[in-house]
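The structure appears below as structure tokens.
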């Protein structure tokens, strides 16, 4: 990291506005006694915002006094973090051009050339009218949409020199362009739009419906809302006679899936035995591992168990349970 020093020309004094002073006192009061220094970064940031976008030396001393910190400690923080500007910046825009590898490979050098020709030959120099300044910074976290710049709190992405010129024109006219991708990219999706998970049914609830479960609801109090109820299985508000079948005797149903089934109002083998293929598909949307109902053939197993018979799996489970009880 290059050496960072305060600007040689400094104002005589600095004081927070009444609003910022009240905000600062409220913030500092949130920290335990002896830990007020933890508020140093937000206080320095608020001072920078108030003082035309840069941090002056009197503001550093003021923050030190407010937090009971030695001035040198506050100075160390201000000069370490590059988010703090130590000299005057442009009145309309201070441009931070990302020069890290993804942006560099995608043309950040061309953006820097625009800064040099339009703003100033060197970073941290003001433009002739004092409206602009620029600097090259490390990664700003929008690598997928490189190259990009940050101006104040907003990022402008997918830039070409021409698009970057339009961004600067917006600040010159007092009508900044919309932040984000300048080619219409949605978030960080592929250029041209998403290529996967594009089916609207994945997000509109038509495939799986919705469940409403109150914070205190038991599995028997679950209320189901389904857009298409034609395939919905018959649900019970609770097990018959207060005793549910052990659905874990069905191969592929563990404790978690049994809890899920109970939440859907399914407690007995004969309920599962009566499912149609459409009903099984409806229930399948609620399972973590799709296709398990058909793969393990729950319906056939449930028919045997509902008639009082045993499957090979249920017999093994029963024998294992008996052995454990005998050992106990």
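General remarks:
- Where residue 124 falls short, out of the listed (1) at pLDDT 95 or above; (2) surrounded by fewer than 22 Cβ atoms within 10 Å (Cβ to Cβ); (3) not in a strand (DSSP E or B): (1)
- Flag if residue 53 is out of contact with any helix residue (DSSP H, G or I) (no Cβ under 9 Å at 6 or more places or on another chain), within 28 Å of residue 131 (Cβ to Cβ) and either outside the structural domain of residue 100 (by TED's automatic domain parsing) or not in a helix (DSSP H, G or I) (or both): yes
- Qualifying residue in segment 217-232 (condition: out of contact with any helix residue (DSSP H, G or I) (no Cβ under 7 Å at 6 or more places or on another chain), outside any helix (DSSP H, G or I), closer than 29 Å to residue 321 by Cβ and at pLDDT below 90): yes
- Residue tally, condition free of Cβ contacts under 8 Å to residues at least 40 places away in the same chain and within 35 Å of the chain's Cα centre (by Cα), over segment 120-135: 2
- Scanning segment 198-207 turns up one or more residues that are part of a loop (DSSP other than H, G, I, E, B), at pLDDT below 95, on the phi < 0 side of the Ramachandran plot and in contact with a helix residue (DSSP H, G or I) (Cβ under 9 Å, 6 or more places away or on another chain).
- Filter pass, residue 23 being closer than 30 Å to residue 181 by Cα, free of Cβ contacts under 8 Å to residues at least 40 places away in the same chain and not assigned by TED's automatic domain parsing to the domain that holds residue 148: no
- Filter result for residue 184 (part of a loop (DSSP other than H, G, I, E, B) and more than 21 Å from residue 52 (Cα to Cα)): yes
- Filter pass, residue 178 being out of contact with any helix residue (DSSP H, G or I) (no Cβ under 6 Å at 6 or more places or on another chain), closer than 22 Å to residue 81 by Cβ and part of a loop (DSSP other than H, G, I, E, B): no
- Subset of segment 155-174 (residues that are within 17 Å of residue 99 (Cα to Cα) and either not in a helix (DSSP H, G or I) or not assigned by TED's automatic domain parsing to the domain that holds residue 119 (or both)): 155, 156, 157, 158, 159, 160
- Complete set of residues in segment 254-273 that are farther than 12 Å from residue 232 by Cα and not in a helix (DSSP H, G or I): 254, 267, 268
The values are calculated or read from the model by the stated rules, or taken from the named source; none is laboratory data. Computed from a predicted structure; not experimentally measured. FYI the Cβ positions are ideal-geometry reconstructions off the backbone, even for glycines, and counts take in every protein chain you see.
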